[in-house]
1. What residue, of 69, 101, is under 15 Å from residue 54 (Cβ atoms) and modelled with pLDDT of 95 or more?
2. Considering only segment 130-144, how many residues are surrounded by 17 or more Cβ atoms within 10 Å (Cβ to Cβ) and touching a helix residue (DSSP H, G or I) at 6+ places or on another chain (Cβ under 7 Å)?
3. Please give the number of the condition residue 157 fails out of (1) assigned to a helix (DSSP H, G or I); (2) under 16 Å from residue 42 (Cβ atoms).
4. With the checklist (1) in contact (Cβ under 8 Å) with a residue 24 or more places away in the chain; (2) in contact with a helix residue (DSSP H, G or I) (Cβ under 6 Å, 6 or more places away or on another chain) in hand, flag the one item residue 148 doesn't pass.
5. Going by the conditions given, is residue 88 surrounded by fewer than 20 Cβ atoms within 10 Å (Cβ to Cβ), in contact with a strand residue (DSSP E or B) (Cβ under 8 Å, 6 or more places away or on another chain) and over 19 Å from residue 163 (Cβ atoms)?
6. Residues in segment 105-120: is at least one touching a residue at least 40 places away in the same chain (Cβ under 8 Å) and in a loop (DSSP other than H, G, I, E, B)?
7. List pairs: first in segment 39-57 and at positive phi, second surrounded by fewer than 17 Cβ atoms within 10 Å (Cβ to Cβ), Cβ under 9 Å, 6+ apart or cross-chain?
């Protein structure tokens, strides 16, 4: 499962640190310095094999191809079925040609159907873990994001509904 994260509302951001706090006397103030910077990430949530997260300055066909190469490098054996949204760079001729060469097959979900992409619950949990954190700089944020993504991606529970709906015969994954 892969999806580029470049949308403000869906992707984890270094400033996703809003929290709700209950107070009886209404004197609570929490100040968090917000570090903002432009960045993009591409995540590959592997049900079998190695999950991958990579960071790119821009999400264009060339960087999507680089991400596909990184995914194949981490998963050198076997066919890769990659569930993707309809981001324009996923459909680019260059992307499709390189995916074919690498033995990666795209399965595109319908527009406005993020619930069909098993990586979305993982991004949601990742954003929740980012929320209480404060990041001093881009490197600290990327390190936290990478470590957390890879730790969370070991759980198949994010894909349970997807597996039961689309892969009822795949019991050996569990």
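1. Exactly one of 69, 101 is under 15 Å from residue 54 (Cβ atoms) and modelled with pLDDT of 95 or more, namely 69.
2. Result for segment 130-144: 1.
3. For residue 157, the failing item is (2).
4. (1) is the only condition that residue 148 fails.
5. Answer is no for this residue.
6. Within segment 105-120, one or more residues are touching a residue at least 40 places away in the same chain (Cβ under 8 Å) and in a loop (DSSP other than H, G, I, E, B).
7. If the second residue must be surrounded by fewer than 17 Cβ atoms within 10 Å (Cβ to Cβ), the pairs left are 49/74; 49/77; 49/78.
This table checks each residue for (1) in contact with a strand residue (DSSP E or B) (Cβ under 6 Å, 6 or more places away or on another chain); (2) modelled with pLDDT of 95 or more.
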position	(1), (2)
15	no, no
37	no, no
57	no, no
60	no, no
73	no, yes
79	no, no
97	no, yes
106	yes, no
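The values are calculated or read from the model by the stated rules, or taken from the named source; none is laboratory data. In this text, all values refer to a predicted model and were calculated from it rather than measured experimentally. Please note: Cβ atoms are built from the backbone with ideal geometry, for glycine as well, and neighbour counts cover all protein chains shown.
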